[in-house]
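Notes to accompany the following structure.
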Amino acid sequence: MIDLRSDTVTKPTDRMRTAMENAIVGDDVYGDDPTVNELERLAAKIIGKEASVFVPSGTFGNQLAVLTHTKRGDEVILGRGSHIFQHEVGAAAVIAGVQLRLVDDEKGYMSLDDVKEAIRSENIHFPETGLICIENAHSNGMAVSPDKYEEIRKLAKKNKIPIHMDGARVFNAAVSLNVNVKDIANYADSVMFCLSKGLGAPIGSILAGDREFVKKARKNRKLMGGGMRQAGVIAAPGILALVEMVDRLKEDHDNAKMLASKLDEVKGIDVRHDRNDINMVYCTIPKELIKEEKLVKEMKKNGILINGAENEEYRFVTNKDVSSEDLEIFMNVIMELTK
């Protein structure tokens, strides 16, 4: 199957499978797993933070950060289009007991004025602003220039509010912007990034920050049920993801731009080129051309997996297991179905 639903569907490489088989393991809760320890050391170094902790998923990492930074009843400022708000099952309310204050982020980032307005003043009736969350690359497909965060960082520091970055695809952002990933992560006190998306590892994410934060997060990881035992078998491919898979992300970006260009040639399909910075293509396909249910069904019949539309937009995601030839097949099918 040609799978364009997400880059979460990537399969581990042969070298990753070998590394899993040969991984030296120990009990990670005791800190005895040398492979996990090496992954955490390497991840912290690459992202430019003092320490990191290995977690099962990106949602787990984001919610662990929220829990660790805040206290119950705090308010968290974040974008209304952010993954933490849109696609994490309301976990912040359940796990950390915080409420979310939404700010416009249509361009992939929140404006300084909007964030400033959202910060709560001292008042007996108000919750305290406990955290600001930013996202890069944004899940709307945009890579955000690091300098967009400069003033927000100063504002947060002035008000003694920590910043957490959902960097699920932060390496995609770094490749797209042609900057070192540390230059992006530098604007946040903590950063979560996924190993299991474009980097191709079968499982896992990293939450990084200073040593004191990570020490607290490690205990909260245990509280949340994320204390793992002989986790070296899944940490081993994570090491290879960081060492071997980052540079090739440009291939996915190039394929996504090629796909966007091809879709643009189909009459009636409207492609969001302004949100084509990384490995995602967003577009609308009118029901007059083909109904959503039929499109998904017919694609599957032709050996292609896609998601249905969300808010009337389709998202096609390129990844290491989708070649340019696969995309030609996809285009042939979609042109046949919409003619």
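The values are calculated or read from the model by the stated rules, or taken from the named source; none is laboratory data. Just so it is clear, the model here is predicted, and its values are computed rather than measured. FYI the Cβ positions are ideal-geometry reconstructions off the backbone, even for glycines, and counts take in every protein chain you see.
Please work out if E50 is at pLDDT 95 or above and within 30 Å of I124 (Cα to Cα). Here the answer is no, as E50 does not meet what is asked.
Within segment 174-194, is there a residue that is among the charged types (D, E, K, R) and in contact with a Gly (Cβ under 7 Å, 6 or more places away or on another chain)? Among the residues of segment 174-194, at least one is among the charged types (D, E, K, R) and in contact with a Gly (Cβ under 7 Å, 6 or more places away or on another chain), which makes the answer yes. Among the residues of segment 297-339, those identified as in a helix (DSSP H, G or I) and β-branched (V, I, T) are I329, V333, I334, T338. Taken over segment 101-141, the criterion of being among the small types (G, A, S) and either surrounded by fewer than 19 Cβ atoms within 10 Å (Cβ to Cβ) or out of contact with any His (no Cβ under 7 Å at 6 or more places or on another chain) (or both) is satisfied by S111, A118, S121, A137, G141. Per the conditions (1) within 26 Å of A65 (Cα to Cα); (2) touching a strand residue (DSSP E or B) at 6+ places or on another chain (Cβ under 9 Å); (3) of a type outside the set (S, T, Y); (4) outside any helix (DSSP H, G or I), the sole criterion not satisfied by Q230 is (2). Residue count for segment 121-154, restricted to those that are hydroxyl-bearing (S, T, Y), farther than 30 Å from H253 by Cβ and out of contact with any Lys or Arg (no Cβ under 9 Å at 6 or more places or on another chain): 1. The set of residues in segment 69-100 being among the small types (G, A, S) and either crowded, with 19+ Cβ neighbours inside 10 Å or touching a residue at least 12 places away in the same chain (Cβ under 8 Å) (or both) consists of G73, G79, G81, S82, A91, A92, A96, G97.
The set of residues in segment 27-43 being β-branched (V, I, T) and touching a helix residue (DSSP H, G or I) at 6+ places or on another chain (Cβ under 6 Å) consists of T35, V36. Every condition in (1) surrounded by fewer than 19 Cβ atoms within 10 Å (Cβ to Cβ); (2) closer than 23 Å to A174 by Cα holds for N62 except the one numbered (1). Listed residues V170, V144, V179; which is in contact with a His (Cβ under 8 Å, 6 or more places away or on another chain) and either farther than 19 Å from L207 by Cα or assigned by TED's automatic domain parsing to the domain that holds Y109 (or both)? It is V144. Screening segment 142-184 for residues that are of a type in the set (S, T, N, Q) and over 13 Å from the mean Cα position of the chain (by Cα) and picking the one that is surrounded by the most Cβ atoms within 10 Å (Cβ to Cβ) gives S176. If the condition is being crowded, with 18+ Cβ neighbours inside 10 Å, of a type in the set (G, A, S) and not in a helix (DSSP H, G or I), then segment 38-51 contributes only A51.
Evaluate the following for R17: is it closer than 30 Å to I329 by Cα and either of a type in the set (S, T, N, Q) or part of a helix (DSSP H, G or I) (or both)? Against the criterion (closer than 30 Å to I329 by Cα and either of a type in the set (S, T, N, Q) or part of a helix (DSSP H, G or I) (or both)), R17 qualifies. When segment 18-32 is examined, which residues are found to be of a type outside the set (G, A, S) and either loosely packed, with under 14 Cβ neighbours inside 10 Å or in contact with a strand residue (DSSP E or B) (Cβ under 9 Å, 6 or more places away or on another chain) (or both)? Scanning segment 18-32 gives E21, N22, I24, D28, Y30.
Considering F60, F54, F85, the condition of being in contact with a Cys (Cβ under 9 Å, 6 or more places away or on another chain), among the aromatic types (F, W, Y) and either assigned to a helix (DSSP H, G or I) or closer than 23 Å to G226 by Cα (or both) is satisfied by F85 alone. Number of residues in segment 244-296 that are farther than 18 Å from N178 by Cα and not in a strand (DSSP E or B): the value is 26.
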